[in-house]
Amino acid sequence: MLSDMLSRRDALTLLAAGLATRPTGAAAQGPVRRRPYAVAHRGASAYAPEHTLAAYQLALDQGADFVEQDLAMTRDGVLICLHDDSLERTTDVAEVFPDRATTEPGTGRRRWLAVDFTLDEVRRLDAGQWFGSSFRGARVPTWEEAVELVRGRAGLYPELKMPVLYVARGLDMTAAWLTSLRRLDLLTTAAEQVIVQSFDDAPLRRLAVDLPRVARTMLVDRGAASRWLTPDGLRAVAEFATGIGPAKPLVEGRPDLVAAAHDIGLGVTPYTFSTRAPAPARPDLTEEIRYYLDVLGVDAVFTDNPDRFPRTPRRA
Ligand code: G3P
Ligand code: CA
């Protein structure tokens, strides 16, 4: 097999380039065929605290092809790796900054929004202890720190999470991300090893114009399925994205979806496969992933367990 003869880095480059160079829109006809690949969801987050360098390093050690970074912004405009828009679930912010919470209207919940803290303040937080005492001292990494760890060893799969949240603070997440790619020289040296994703079509539409070489995945949850996963919806997605990232029940519930996406040139990368949320019908995670790859025909998966990704898929 050709990929067996290539170095890991070459294989990654070719693999992502297949996405990055595929034309979008009406020109994006034809079947999609690539080697299936694993995206480490928030790092190897079944085994290490999500979005820490420890979780990213473990993902690399476990052979992940791509490592995901959910992105948020600090008050001083720095991109950090954080799934939530607030810090209290995955750090000790409530103990370190007890007086800095905002109260959520409606629920009355106290929240420590990332955008209310500077990077220096975020660096004081422990992002590992909540997961296990052996991870005490882990920090919230910046996007650029994640790039430095992962680049050249696996692809990067950043998610621009809720860019609209930052507009009122005068922060442009998409612009900040573009600037970082230039500063890190990712556009000239490794554009093919970056796939950007979002649940928001606006940043992807913008990047389709400003950064067409980089692959773009439109994430689709249950609430957005009726908009994006119809024949018309998929054609609309193909105008600005190179792939879809549906919640996995949306794929299992519609076995025709993958072929429909492939027919107009869209890759399919469902989320999230995890030992922490076993599927009742397929409790063995490797077998579940194999079913999605071999039977449903998806191209890649987001998984908390990169070590459970089947490296010898039976797809013909
Ligand atoms: O980005 C794919 C998957 O991670 C989407 O779900 O909530 O984990 O970001 P979430
Ligand atoms: Ca994500």
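Read-outs: derived from the displayed coordinates by stated rules, not from any lab. Please read these numbers as outputs of a predicted model, since none were measured by experiment. Note that we place each Cβ from the backbone using ideal geometry, even for glycine, and neighbour counts take in every protein chain shown.
Listing for the model above:
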{"item": "Residue list for region 72-85, restricted to those being under 18 Å from A55 (Cα atoms) and assigned to a loop (DSSP other than H, G, I, E, B)", "result": "L82, H83, D84"}
{"item": "In region 63-77, the residues that are more than 15 Å from the chain's Cα centre (by Cα) and buried (at least 19 other Cβ atoms within 10 Å of the Cβ)", "result": "M73, T74"}
{"item": "Odd one out for D232, checked against (1) within 16 Å of ligand 2 (Cβ to nearest atom); (2) over 22 Å from E68 (Cβ atoms)", "result": "(1)"}
{"item": "Which listed residue is β-branched (V, I, T), within 13 Å of ligand 1 (Cβ to nearest atom) and in contact with a helix residue (DSSP H, G or I) (Cβ under 8 Å, 6 or more places away or on another chain), from V301, V237", "result": "V301"}
{"item": "Residue list for region 163-198, filter: in a loop (DSSP other than H, G, I, E, B) and surrounded by 19 or more Cβ atoms within 10 Å (Cβ to Cβ)", "result": "P163, L171, A190"}
{"item": "Among (1) buried (at least 17 other Cβ atoms within 10 Å of the Cβ); (2) not in a helix (DSSP H, G or I) - the single one E288 does not satisfy", "result": "(2)"}
{"item": "Filtered residues of region 113-147 (kept if surrounded by 17 or more Cβ atoms within 10 Å (Cβ to Cβ), β-branched (V, I, T) and assigned to a loop (DSSP other than H, G, I, E, B))", "result": "V140"}
{"item": "Selected residue (only one of E88, E95 is more than 15 Å from ligand 2 (Cβ to nearest atom), part of a helix (DSSP H, G or I) and among the charged types (D, E, K, R))", "result": "E95"}
{"item": "Subset tally (residues that are among the hydrophobic types (A, V, I, L, M, F, W, C) and outside any helix (DSSP H, G or I)) for region 247-262", "result": "1"}
